[in-house]
Amino acid sequence: MEGYVITIGITILIYMLMAGGLALQYGFTGLSNFGLVGFVAIGAYTSSILAIKGVPIPLSLIAATGLATLCAYPIGIIALRLGGNYLAIVTLGFSEAVRMTLQTEEWLTRGMHGLTKIPRLFSGWVEPSRIDLCILLLLLAINIIAFLAFRKLVKSPFGRAIEAIRDNETAARALGKDTAQFKTRSLMLGAACAGLAGGLQAHYLTFISPEQYVPLVTFYVWIALVLGGADTMKGVIVGTCILVGFLEGSRFIGDFVGGISEVKLASVRIWMIGMALICVVLYRPQGLFGRSIVRN
Amino acid sequence: MELLSIKNITAGFGSFKALDDVSLTVNKGELVGIIGTNGAGKSTLFSVITGYVSRLSGHITFAGETFDHLPIHQRVRRGLGRTFQVPREFGNLTVRENLLAAAPNQLGEKLLPLMFMGRRIAAEEERLEARAREIISFLNLSRVENEMASKLSGGQKKLLELGRLLMLGPQCILLDEPFAGVNPVLIGELSERIAELNKRGLTVVIIEHNLAELSRLVPRMYAMDRGKIITEGTAQEVLANEQVREAYMGGVI
């Protein structure tokens, strides 16, 4: 039981890091990034490949974060000249392109077989039974640092500028802001979070394959933000906890409610998330803990 | 001394010419009005000057520098600001934050300085705060300083937009229908503030449909019709012009 709680905790914290990145992009800058999982995949594969080749995990995680960040740059240049909806499509296309590349470039990624024997975080440092707990604590520390940095960032003049761009980009440009540059930076910072989350997840799971990085992951993070609220840290945290807690916890519905087959249960879980989403959007469009912001 | 000069500007979409060989000049420290019916090309003219719409031919010079190929934000940085017909406030920021966000070249907007130059950024913020407070009280917005901008009335939003422009410390501002949708009391106040700013040396160009208020405010105006400038002169001269009457009021007055 304790092990299971730790597993859920780790999953929540990995998703929370991704959600933090997306919150910066969407909640504070207004960028609809539907390709978040692409950056997660880049982070995961970069860190795994390097670590398998013998690079120490901390260094390979830094490289993973760096590469994910760099990959956001060209996307920014191409897509940020286009309006909001185009960015959603371009980024979704990007994440699928990443996944296809991972599938086909077997010399590097071993294709559909996936990468196995990825070095585990803390292995050899602490006794095997305690590794999960240590990973949990590490993730907790990283999340706390990331969220403190976010808080500082969104309260800074930079945060004020990206919020201004979210509220009215034309006006921001009329005031001399180079909005494309701000948006690119925001996209890159969010991608850094996603890349780091991907790397950490890979070193926790020790096995990754392209089918882990389907758009559904992006949508889960979006659901978390819609539930909790995309423009407050509290919203991000609560939204992720509710989503992952529910996804994991609802496995046990069958134990309490009789007469539901496994197959039906899987559908019921998705149905419940859908209903929750509809209710939130109808009755609390800003999310449970979002500010009631005005969208143009 | 000539500050803004527009020479033979043509702009349009396909075969439609929104601006057809338009030329005008605005001198430093002047207060100039532009009138014309809906669709005459007034707002398009502002958009071409500020870089939102590209011109097909002609030249724009500002403070002796050619503006023909500069991107929008570069034009703003050279001291040319504009407002829009419909207020474009940053709705989820307070009035004060709206003004602070407008300040140009902030060190705190860059990521590296944000990490390492905390003290300089704090000092900069303090300077900007003082400046914002000054402008807010000049525009009589102190009462709503900490309100979300989305909650302001139409007239207050126009004042807020003017305030944001002032944060830029511009040489010249282009106001697109500043009195539209503003209640009469606030129109008087807005008009007074614009005149005061002009007295302090700011060059102002105003597009406006409220002819009574505009002719009280500006000594000189241009009249446009169907993409062309039809006449130019004092308010009386322009409003007495046969072509203006024909175009603007169908010859009724």
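The values are calculated or read from the model by the stated rules, or taken from the named source; none is laboratory data. It should be emphasised that the depicted structure is a prediction, and the values quoted were computed from it without experimental measurement. Positions of Cβ are backbone-derived with ideal geometry, glycine not excepted, and every protein chain shown enters the neighbour counts. With ligands, DNA and RNA removed, areas are computed over all heavy atoms of the protein, side chains included. Shrake-Rupley method; radii C 1.70, N 1.55, O 1.52, S 1.80 Å.
Neighbours of A:S186 by Cβ distance under 11 Å: Lys/Arg scored +1, Asp/Glu scored -1, total +2. Charge dipole of chain A (Cα centre as origin; +1 on each Lys and Arg Cβ, -1 on each Asp and Glu Cβ, all else neutral): 760 debye, rounded to the nearest 20. Computed over the stretch B:1-80, the convex hull of the alpha-carbon atoms projects to a mean area of 5.2 nm². Taking the centroid of alpha carbons for each part, the stretch A:90-131 and the stretch B:186-253 are 67 Å apart. Between the stretch A:226-249 and the stretch B:112-138, the alpha-carbon centres lie 34 Å apart.
Using a simple spin-label model with pseudo-atoms 7 Å out from Cα toward Cβ, B:E145 and A:S129 lie 6.3 nm apart. Legend: calculated FRET efficiency, B:E237 to B:S153, from the Cβ-Cβ distance at R0 = 51 Å, rounded to 0.05, equals 0.90. Would you tell me the accessible area of A:I14, worked out with a 1.4 angstrom probe on the heavy atoms of the protein chains, in Å² to the nearest 10? We get 10 Å² for A:I14. Spin-label model, A:T101/B:K228: points 7 Å from Cα along the beta carbon direction are separated by 5.7 nm. Each label was represented as a point 7 Å from its Cα along the Cα-to-Cβ direction; for B:R200 and A:L148 these points are 4.2 nm apart. Interface residues of the stretch A:161-178, defined as a loss of at least 50 Å² in heavy-atom accessible area between the chain alone and the complex of all protein chains with a 1.4 Å probe, are A:D167, A:N168, A:T170, A:R173, A:A174, A:L175, A:G176, A:K177. Along the axis of the charge dipole computed for the stretch A:2-214 (Cβ charges of +1 for Lys and Arg, -1 for Asp and Glu, origin at the Cα centre), the listed residues A:I10, A:A172, A:V154 are led at the positive end by A:A172. Entry for the protein assembly as shown at q = 0.07, 0.08, 0.10 Å⁻¹: log10 I(q)/I(0) = -0.51, -0.64, -0.88, Debye formula applied to identical alpha-carbon scatterers, no solvent contribution. With a Förster radius of 30 Å applied to the C-beta separation of B:Q85 and B:E189, the computed FRET efficiency comes to 0.95.
Label reach from A:T7 (point 7 Å along Cα→C-beta): in the stretch A:136-173, amide nitrogens under 20 Å belong to A:136-140. Principal semi-axes of the equivalent ellipsoid, √(5λ) from the alpha carbon gyration tensor of the stretch B:92-151, are 24, 13, 8 Å from largest down. The GluC sites (Glu not before Pro) found in the stretch A:29-112 that occupy coil by DSSP, while having at most 15 further C-beta atoms within 10 Å, are A:E105.
Take every DSSP beta bridge whose two residues both sit in chain B; close to 55 percent of them are antiparallel. Projected over every direction and averaged, the convex hull enclosing the alpha-carbon atoms of the stretch A:230-296 yields 5.3 nm².
In this structure A:L59 has an accessible area near 100 Å², from a 1.4 Å probe over the protein heavy atoms. For B:H59, B:H69, the ranking by accessible surface with the largest value first comes to B:H69, B:H59, using a 1.4 Å probe. For chain B, the spherically averaged projection of the C-alpha convex hull amounts to 14.7 nm². The helix-based estimate of mean residue ellipticity at 222 nm for the protein assembly as shown, built from -39,500 (n - 2.57) per DSSP H run of four or more residues and divided by its residue count, is -18500 deg cm²/dmol to the nearest 500.
Assuming charge only on the beta carbon of Lys and Arg (+1) and of Asp and Glu (-1), the dipole of the stretch B:44-92 about its Cα centre is about 40 debye to the nearest 20. Interface residues of the stretch B:98-113, defined as those with an accessible-area decrease of at least 50 Å² between the chain by itself and the complete set of protein chains (probe 1.4 Å), are B:E109, B:L111. Taking Cβ atoms as reference points and 15 Å as the exclusive limit, the residues near A:L277 contribute a net charge of +2, counting Lys and Arg as +1 and Asp and Glu as -1. Among the chymotrypsin sites (Phe, Trp or Tyr not before Pro) in the stretch A:194-296, those located in a DSSP loop and surrounded by at most 15 other Cβ atoms within 10 Å of their own Cβ are A:F207.
With a 1.4 Å probe and all protein chains left in place, how much of the accessible area of the protein assembly as shown comes from carbon and sulfur atoms, in whole percent? Whole-percent figure for carbon plus sulfur exposure: 60.
Summing both sides, the accessible surface hidden between B and A at a 1.4 Å probe radius is close to 2500 Å².
Using heavy atoms of the protein chains and a probe of 1.4 Å, the accessible area assigned to A:V257 is about 70 Å².
Calculation over all alpha carbon pairs of the stretch A:2-214 in 10 angstrom steps from 0 returns a P(r) of 9, 34, 33, 18, 6, 1 percent. Counting only Cβ charges, +1 for Lys and Arg and -1 for Asp and Glu, the dipole size of the protein assembly as shown around its Cα centre is about 660 debye. Counting charges near A:T91 (Lys, Arg +1; Asp, Glu -1) among other residues having Cβ under 15 Å from its Cβ returns a value of +2. In the context of the full set of protein chains, residues of the protein assembly as shown present 45 Å² of accessible surface per residue (probe radius 1.4 Å, heavy atoms only). Full extension of the chain between A:I52 and A:M112 yields a length gain of 19.9 nm, computed as 0.36 nm times the residue separation minus the alpha carbon distance. DSSP bridge analysis restricted to the protein assembly as shown gives an antiparallel fraction near 55%, rounded to the nearest 5. With a cut-off of 18 Å, note down the residues of the stretch A:220-251 whose backbone N falls inside the zone around a label point 7 Å from the Cα of A:K155 toward its beta carbon. The answer is A:231-237. Any chance you could check the Cα centroid distance between the stretch B:27-89 and the stretch A:140-199 for me, in angstrom? The stretch B:27-89 and the stretch A:140-199 have Cα centres separated by 30 Å.
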